[in-house]
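For reference, the structure is listed below as structure tokens.
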Amino acid sequence: MTIAFELDGQKFVGLNGGPHYQSTGNLVRGQLRRSEEVDRYWEHLTAGGKEVQCGWLVDKYGVSWQIVPNRDVEMLRDKDPVRPQRVMKAMFQMKKIDIAGLKAAYDQS
């Protein structure tokens, strides 16, 4: 169901998307360290493809990718249940993940 691999020094996980993804069945999730990396991968992978939601995009070959900053994952694991809820709510309003926007939601008092 999954496979881990590395591209250009970045670790990714490939998932079998099941019957909901008829085009290729491929889903790839990449966790990146910095917003510059998110921007770079997003720009290259959306060229000829399309943006979806919550960090998801479909490249020109029909492969679905989710480009997620590591900081996003850390914020979602917070012990305070309210903070991750705010982060998820903010993320659902985004296409490309905006780390500063997620941090603002996380830090909101």
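None of the figures in this text is laboratory data; all of them are computed from the coordinates on show. Predicted model only: the values in this text are computed from it and were never measured. Neighbour counts are summed over all protein chains in view; Cβ atoms, including those assigned to glycine, are modelled from backbone coordinates with ideal geometry.
Counting just the residues of the range 54-91 that are part of a loop (DSSP other than H, G, I, E, B) and free of Cβ contacts under 8 Å to residues at least 12 places away in the same chain, which one comes out nearest to GLU43 (Cα to Cα)? Please lay out each step first, then the result.
First pass over the range 54-91, keeping only residues part of a loop (DSSP other than H, G, I, E, B): 54-55, 59-63, 77-81.
Then drop every residue that is not free of Cβ contacts under 8 Å to residues at least 12 places away in the same chain, which leaves 77, 79-81.
Working: ARG77: 28, LYS79: 33, ASP80: 34, PRO81: 33 Å.
Selected residue: ARG77.
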- Failed item, numbered, when CYS54 is tested on (1) surrounded by 14 or more Cβ atoms within 10 Å (Cβ to Cβ); (2) at positive phi; (3) out of contact with any helix residue (DSSP H, G or I) (no Cβ under 9 Å at 6 or more places or on another chain): (3)
- Residue tally, condition surrounded by 16 or more Cβ atoms within 10 Å (Cβ to Cβ) and touching a Ser or Thr at 6+ places or on another chain (Cβ under 6 Å), over the range 59-109: 2
